[in-house]
Amino acid sequence: MSSQLDQAVEAVVRDCLRVKPGEIVVVVCDPTTKSLGEKMRESASEAGAEAVLALMDVREMDGHEPPAPVAAAMAKADVVIGATLKSFSHTVARLEANEAGARVATLPGIEEDVLARMMSADMAEIRRRGSAVADALSAASEARITCPNGSDLRLGLQDRDGISDDGDLADDGAFGNLPCGEGFISPLEGSATGRLVVDGTIASYGLPESPADLRIEAGHLVEASGPAGEWLLSTLRAAGEEGTNVAELGVGTNEKAELSENLLEAEKILGTVHVAFGASAGIGGTVQVPVHIDGVVVRPTLELDGEAIVLDGRLLV
């Protein structure tokens with residue numbers, strides 16, 4: 001495992017982020033990920049960078065801002081690697097680091113064995129799939145998600161751009177989630193309507209005991225049943241009126257990803273679909289709140305303007 005993990009760390013630092021001699025690299029971690037953070041920092045240092053490890057307390061929820069000193073360090077970096085238990089992908093600090101030109105990779109909830117396995121996927125094929133999904137999302141006006149459990153959710157995609165999370169983070173201002181493997185988009189605010197039955201992993205909750213049955217109206221989650229669904233709705237509402245915003249539609253593209261409690265992995269499973277609620281400003285939407293929670297649908301059909309790109313859990317592009 002150590003050899004495979006070392007190779008995965010090298011892939012993050014040298015292949016995905018292309019760290020160069022003399023660059024400032026800030027690796028953000030917390031006590032749960034300190035060992036991996038140190039490996040990332042050491043790898044960046046060996047690549048010739050001025051590498052710094054920023055250890056912070058675990059955030060209470062995905063989307064909560066890092067402490068001000070950490071955010072300041074991120075804004076001054078050439079490269080930011082966020083190996084943390086809770087995600088800061090959808091924070092102002094991450095967005096401002098990108099706007100200042102930093103290349104940012106976040107690895108929320110990362111586990112060493114998951115990183116080692118998922119980074120061994122066929123990266124060329126992940127990039128092909130991710131690009132195909134992102135292009136299809138960009139070209140569509142409406143998405144429809146259905147599934148055997150009763151999902152039937154429509155989302156407006158007009159004038160929104162799909163994004164490929166494929167591990168290529170070499171350009172200034174690049175942002176991605178690692179291990180990689182999805183294509184995603186932020187739906188038009190107020191457009192999502194229907195029913196979504198989440199039978200896979202929910203961020204910060206894990207695998208639900210029974211599917212979370214969600215009712216969505218005018219772009220917001222308005223009603224939920226099942227223990228996981230009730231938890232989701234109350235957690236989102238705690239972030240304010242916009243916490244229930246439908247923020248993201250994503251499609252998994254990594255053939256090495258497996259269903260587990262780990263959302264970072266589960267949302268990348270080839271042929272799955274995930275929908276997130278809360279903050280969307282970091283991915284092309286307009287909502288900025290301190291929460292972003294994804295839920296995975298394991299065997300979906302996803303139609304774009306009436307044409308399926310996922311059919312019963314099989315990716316068709």
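The values are calculated or read from the model by the stated rules, or taken from the named source; none is laboratory data. The model shown is predicted, which means the values in this text are computed figures rather than measured ones. Neighbour counts are summed over all protein chains in view; Cβ atoms, including those assigned to glycine, are modelled from backbone coordinates with ideal geometry. Calculation scope for accessible area: heavy atoms of the full protein, side chains included, ligands and nucleic acids excluded. Shrake-Rupley method; radii C 1.70, N 1.55, O 1.52, S 1.80 Å.
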Kindly indicate the residue of the stretch 7-22 that is open to solvent by less than 80 Å² (accessible area, probe 1.4 Å) and more than 18 Å from THR106 (Cβ to Cβ) and also modelled with the highest pLDDT among those meeting that condition. GLY22
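Would you say ASP30 is open to solvent by 40 Å² or more (accessible area, probe 1.4 Å) and of a type in the set (D, E, K, R)? Don't jump to the end; show me each part of the working.
Values: open to solvent by 40 Å² or more (accessible area, probe 1.4 Å): no; of a type in the set (D, E, K, R): yes.
When the stated conditions are applied, ASP30 does not pass them.
Which one of LEU259, LEU214, LEU270, LEU236 is surrounded by fewer than 17 Cβ atoms within 10 Å (Cβ to Cβ) and touching a strand residue (DSSP E or B) at 6+ places or on another chain (Cβ under 7 Å)? Give the derivation first.
Working: LEU214 fails: surrounded by fewer than 17 Cβ atoms within 10 Å (Cβ to Cβ); LEU270 fails: surrounded by fewer than 17 Cβ atoms within 10 Å (Cβ to Cβ); LEU236 fails: surrounded by fewer than 17 Cβ atoms within 10 Å (Cβ to Cβ).
Of LEU259, LEU214, LEU270, LEU236, the one residue that is surrounded by fewer than 17 Cβ atoms within 10 Å (Cβ to Cβ) and touching a strand residue (DSSP E or B) at 6+ places or on another chain (Cβ under 7 Å) is LEU259.
Of these, ALA238, ALA218, which one is among the hydrophobic types (A, V, I, L, M, F, W, C) and on the phi < 0 side of the Ramachandran plot? Write out each step before concluding.
Working: ALA218 fails: on the phi < 0 side of the Ramachandran plot.
The unique qualifying residue is ALA238.
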If ALA124 meets every condition in (1) outside any helix (DSSP H, G or I); (2) under 20 Å from the mean Cα position of the chain (by Cα); (3) of a type in the set (A, V, I, L, M) apart from one, which number is that one? (1)
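Test of understanding: among VAL70, VAL114, VAL92, VAL133, which residue is of a type in the set (A, V, I, L, M) and open to solvent by 40 Å² or more (accessible area, probe 1.4 Å)?
Values: VAL70 fails: open to solvent by 40 Å² or more (accessible area, probe 1.4 Å); VAL114 fails: open to solvent by 40 Å² or more (accessible area, probe 1.4 Å); VAL133 fails: open to solvent by 40 Å² or more (accessible area, probe 1.4 Å).
None of the other options fit; the residue is VAL92.
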I'm trying to understand the selection: among the residues of the stretch 241-256, which are open to solvent by less than 10 Å² (accessible area, probe 1.4 Å) and under 18 Å from MET118 (Cα atoms)? GLY250, VAL251, GLY252, THR253, ASN254
Within the stretch 141-164, the residues that are open to solvent by less than 10 Å² (accessible area, probe 1.4 Å) and either of a type in the set (A, V, I, L, M, F, W, C) or touching a helix residue (DSSP H, G or I) at 6+ places or on another chain (Cβ under 9 Å) (or both) are ALA143, ILE145, LEU153, LEU155, LEU157
Just to verify a result, which residue in the stretch 188-209, among those that are in contact with a helix residue (DSSP H, G or I) (Cβ under 7 Å, 6 or more places away or on another chain) and either part of a helix (DSSP H, G or I) or more than 16 Å from GLU248 (Cβ to Cβ) (or both), is most open to solvent (accessible area, probe 1.4 Å)? GLU209
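Answer with yes or no whether LYS86 is open to solvent by 20 Å² or more (accessible area, probe 1.4 Å) and either among the acidic types (Asp, Glu) or under 16 Å from the mean Cα position of the chain (by Cα) (or both). Steps first, please.
Values: open to solvent by 20 Å² or more (accessible area, probe 1.4 Å): yes; either among the acidic types (Asp, Glu) or under 16 Å from the mean Cα position of the chain (by Cα) (or both): yes.
Considered against the rule, which asks whether it is open to solvent by 20 Å² or more (accessible area, probe 1.4 Å) and either among the acidic types (Asp, Glu) or under 16 Å from the mean Cα position of the chain (by Cα) (or both), LYS86 comes out as yes.
Yes or no, residue by residue, for (1) in contact with a His (Cβ under 9 Å, 6 or more places away or on another chain); (2) closer than 18 Å to ASN177 by Cα:
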| residue | (1), (2) |
| --- | --- |
| GLY48 | no, no |
| PHE88 | yes, yes |
| ARG94 | no, yes |
| VAL133 | no, yes |
| ALA139 | no, no |
| GLU142 | no, no |
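Modelled with pLDDT under 95, open to solvent by 60 Å² or more (accessible area, probe 1.4 Å) and more than 17 Å from ARG103 (Cβ to Cβ): is that true of GLU42 in this structure? Reasoning before the result, please.
Values: modelled with pLDDT under 95: no; open to solvent by 60 Å² or more (accessible area, probe 1.4 Å): yes; more than 17 Å from ARG103 (Cβ to Cβ): yes.
Judged against the criteria, GLU42 is not a match.
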Could you go through the stretch 284-305 and let me know if any residue there is surrounded by 19 or more Cβ atoms within 10 Å (Cβ to Cβ), touching a helix residue (DSSP H, G or I) at 6+ places or on another chain (Cβ under 9 Å) and of a type in the set (Ser, Thr, Tyr). no
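Among the residues that make up the stretch 144-166, is at least one of them under 16 Å from ALA11 (Cα atoms) and of a type in the set (D, E, K, R)?
Here is the first cut: in the stretch 144-166, the residues under 16 Å from ALA11 (Cα atoms) are 165-166.
If we keep only those that are of a type in the set (D, E, K, R) as well, we get 165-166.
Yes, because at least one residue in the stretch 144-166 is under 16 Å from ALA11 (Cα atoms) and of a type in the set (D, E, K, R).
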Would you check which residues across the stretch 95-111 are in contact with a Leu (Cβ under 6 Å, 6 or more places away or on another chain) and open to solvent by less than 10 Å² (accessible area, probe 1.4 Å) and list them? ARG103, ALA105, LEU107
